[in-house]
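The values are calculated or read from the model by the stated rules, or taken from the named source; none is laboratory data. Quantities reported herein were computed from a predicted structural model and do not represent experimental measurements. Cβ coordinates were reconstructed from backbone atoms using ideal geometry, including for glycine residues, and neighbour counts include every protein chain displayed. Please note that ligands, DNA and RNA were not included when accessible areas were found on the heavy atoms of the full protein model with its side chains. Shrake-Rupley method; radii C 1.70, N 1.55, O 1.52, S 1.80 Å.
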Amino acid sequence: MPDRRSSAGLQTGTTGLRVRALQLLTRRDYCRAELQSRLATEAESAEQLDAVLDALQEECLLSDPRYAAQRVAARAGRYGNARLRQELRQKGVDDADIVAALPQGGDESERCRAVWAKKFGVPPDSAAERARQMRFLQYRGFSGEAIRRVMHGTDE
């Protein structure tokens with residue numbers, strides 16, 4: 001004879017886990033891997049956690065493509081595509097979702113020029129200054145081509 005308390009407890013645990021997941025998702029979007037790591041300590045089992053996350057994905061409450069697009073939109077004004085790609089990979093977003101989200105950030109060269117103008121605003125007067133400005137843009141994750149376009153534009 002099955003124990004009714006154990007199945008009721010599982011249902012309550014799943015409901016509690018779902019409520020906690022929804023509390024987190026109301027504050028901001030999470031990717032699946034990030035939400036999974038946040039909820040891992042509260043789940044009774046990995047199967048229970050996967051079931052809750054699958055249900056949230058089916059209801060479109062949890063979406064890696066949406067998370068990636070929002071993250072790119074929020075950070076594209078300060079960072080280049082390489083940095084955005086790296087951050088999304090570290091969060092556990094799939095490469096296909098990253099590739100789909102990056103174009104939403106706009107033209108990388110224009111973003112690079114805007115970051116350069118905000119930080120420096122004046123063309124470099126020496127080779128050392130030019131190298132410093134280029135290193136800054138590289139650290140921000142802009143491609144070599146975007147940096148060359150910006151630096152070439154400042155020399156004219």
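Working only within segment 28-46, note down all residues that are open to solvent by 60 Å² or more (accessible area, probe 1.4 Å) and farther than 23 Å from Arg89 by Cβ.
The answer is Thr41, Glu42, Glu44.
Counting just the residues of segment 64-74 that are touching a residue at least 24 places away in the same chain (Cβ under 8 Å) and under 21 Å from Trp116 (Cα atoms), which one comes out surrounded by the fewest Cβ atoms within 10 Å (Cβ to Cβ)?
Ala73
Output the qualifying pairs, or none if there are none: Cβ atoms under 7 angstrom, residues six or more apart or on different chains, first residue in segment 96-118 and outside any helix (DSSP H, G or I), second residue not charged (D, E, K, R).
These pairs meet every condition: Gly106/Ala76.
Determine, yes or no, whether Ala127 is surrounded by fewer than 18 Cβ atoms within 10 Å (Cβ to Cβ), within 27 Å of Glu87 (Cβ to Cβ) and either charged (D, E, K, R) or out of contact with any strand residue (DSSP E or B) (no Cβ under 8 Å at 6 or more places or on another chain) (or both).
no
Quick one: what pairs do we get from segment 47-63, first residue surrounded by fewer than 19 Cβ atoms within 10 Å (Cβ to Cβ), second among the polar types (S, T, N, Q) and not in a helix (DSSP H, G or I), C-beta under 8 Å, 6+ apart or different chains?
Matching pairs, first to second residue: Gln57/Ser63.
Can you name the condition, by its number, that Phe136 falls short on among (1) crowded, with 17+ Cβ neighbours inside 10 Å; (2) more than 28 Å from Arg32 (Cα to Cα); (3) aromatic (Phe, Trp, Tyr)?
Of the numbered conditions (1) crowded, with 17+ Cβ neighbours inside 10 Å; (2) more than 28 Å from Arg32 (Cα to Cα); (3) aromatic (Phe, Trp, Tyr), the odd one out for Phe136 is (1).
Would a scan of segment 100-123 turn up a residue that is more than 25 Å from Val150 (Cβ to Cβ) and either of a type in the set (Ser, Thr, Tyr) or at pLDDT 95 or above (or both)?
Checking segment 100-123: at least one residue is more than 25 Å from Val150 (Cβ to Cβ) and either of a type in the set (Ser, Thr, Tyr) or at pLDDT 95 or above (or both).
Within segment 75-84, restricting attention to residues that are of a type outside the set (A, V, I, L, M) and in contact (Cβ under 8 Å) with a residue 60 or more places away in the chain, which residue is least open to solvent (accessible area, probe 1.4 Å)?
Here the answer is Gly80.
Can you find, within segment 97-116, the residue that is farthest from Gln86 (Cα to Cα) among those that are of a type outside the set (A, V, I, L, M) and open to solvent by less than 70 Å² (accessible area, probe 1.4 Å)?
Restricting to residues being of a type outside the set (A, V, I, L, M) and open to solvent by less than 70 Å² (accessible area, probe 1.4 Å), the top hit is Trp116.
Look at segment 58-82 and say how many of its residues are out of contact with any helix residue (DSSP H, G or I) (no Cβ under 7 Å at 6 or more places or on another chain) and either outside any loop (DSSP other than H, G, I, E, B) or within 30 Å of Phe136 (Cα to Cα) (or both).
Qualifying residue count for the region: 7.
Quick check on segment 85-93. Is at least one of its residues open to solvent by less than 60 Å² (accessible area, probe 1.4 Å), in a helix (DSSP H, G or I) and closer than 20 Å to Gly141 by Cβ?
The answer is yes; a qualifying residue exists.
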